[in-house]
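First up is the structure itself, then whatever we jot down about it.
Bear in mind these aren't lab numbers, they're just calculated from the coordinates by the rules spelled out. All values derive from a computational prediction rather than experimental measurement. Using ideal geometry, Cβ is built from the backbone for each residue, glycine included, and neighbour counts are taken over all protein chains shown.
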Amino acid sequence: MITAKHRKLGKDREENFLEKEGNDMSTWLITGCSSGLGRHLAQAVLKRGYNVVVTARKLSAIQDIVASYPDTALALQLDVTDHTQVDQVVQQAEARFGGVDVLVNNAGHGYRAAVEEGDEVEVDELFATNFFGPVALIKAVLPGMRTRHHGTIVNVSSIAARVTAPGSGYYSATKCALEGLSDGLRKEVSPLGIKVIVVEPGEFRTDFSGRSLKQSRTVIADYAETAGRRRIENDTTDGHQIGDPAKGAQLIIKAVEAYNPPSLLLLGSDAVRIVKGALDEVRAEVEAWEKDSIATDFPS
């Protein structure tokens, strides 16, 4: 039974953790800060008093964020698909602030296409941005984190890693890959004092369904009633999403600062509902086929 005394003990431990380990979270590197969740997160982290390396593909899109924080903010141009630039940004962050304590892999974009409609070049670019870019950043910050025996890596995924809508197969694949990598990474680095958090947002009122959403130019009529319904010209969700990116940013900070942060952080009531439903469906199907699955073993 959890008593008031136990709750107080847990709160005291967390406060002591923040007091003793606060410097372990002093410098954040956040990608994709030009708009949406990344922009709100950069602003909130700076307001909280941390150092922040604010990055975007265009410097002009983030200059206003750093203008009020000349001592604690560093604006750098970063295209996460350019791995040479990734290394340079991490080096500049280390030179300015002494190291990266929290990496937030937020940069990414959506892509709509039926699997058969997907363009190979566009899909390669999607994986380069949503998966291999984060991998390059993780590999760039890990040597410093290992040396200091602390650090937090936050990989922004999506509920699409759990439930894939028609037309989002390729996008979901990038997020499934990121989550699989994150799970393995967590088990490798947790003994070294490094934490890994996967964030799965639901629908947030950002540019994700606007300028950050791309789609294949190939249109196959047979998919009109499935993937076709979700093509950009038929999508009416932009501007009506339930999620508030400012509140989402605050929850990410809370998770990073937590004494015992979650390995999976859901953002939004829709995310909670959808993920719970998906887990229930998986359990039901596993149980329905359980006897058949077990029967494939060699006799004991």
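Observations on the structure shown:
- Scanning residues 5 or more positions from THR81 or on other chains, none has an amide H under 5 Å from its amide H, with H placed 1.01 Å from N in the peptide plane.
- Globularity index of the chain, i.e. its alpha-carbon radius of gyration over 2.2 N^0.38 Å: 1.07
- For the pair SER293 and LYS58, the difference between a 0.36 nm per residue extended length and the Cα-Cα distance amounts to 79.4 nm.
- Whole-angstrom gap from segment 104-166 to segment 178-193, using each part's C-alpha centre: 15 Å
- Computed from the C-beta positions of LYS139 and THR72 and an R0 of 25 Å, the FRET efficiency is 0.45 to the nearest 0.05.
- Under the span-like rule (Cα at least 15 Å along the axis, Kyte-Doolittle mean at least 0.5), DSSP H helices of the chain: 133-148
- For the peptides 60-67, 247-254, 74-81, the ranking by packing is 74-81, 247-254, 60-67, with the highest mean count of neighbouring Cβ atoms within 10 Å listed first.
- Each of ALA284 and VAL163 was given a label point 7 Å from its Cα along the Cα-to-Cβ line. The distance between the two points is 1.2 nm.
- Highest-first arrangement of 92-101, 158-167, 223-232, where packing means the average Cβ count within 10 Å: 158-167, 92-101, 223-232
- Between ALA221 and SER26, the modelled labels are 6.6 nm apart [label points 7 Å from Cα along Cα→Cβ].
- For segment 102-119, the Karplus equation 6.51 cos²θ - 1.76 cosθ + 1.60, evaluated at θ = phi - 60°, returns couplings of 9, 9, 10, 7, 10, 4, x, 8, x, 8, 10, 5, 4, 3, 5, 7, x, 8 Hz by residue, with Gly and Pro reported as x.
- For the set LYS139/LYS214; LYS214/LYS247; LYS47/LYS247, the pairs lying more than 22 angstrom apart at their alpha carbons are LYS139/LYS214; LYS214/LYS247.
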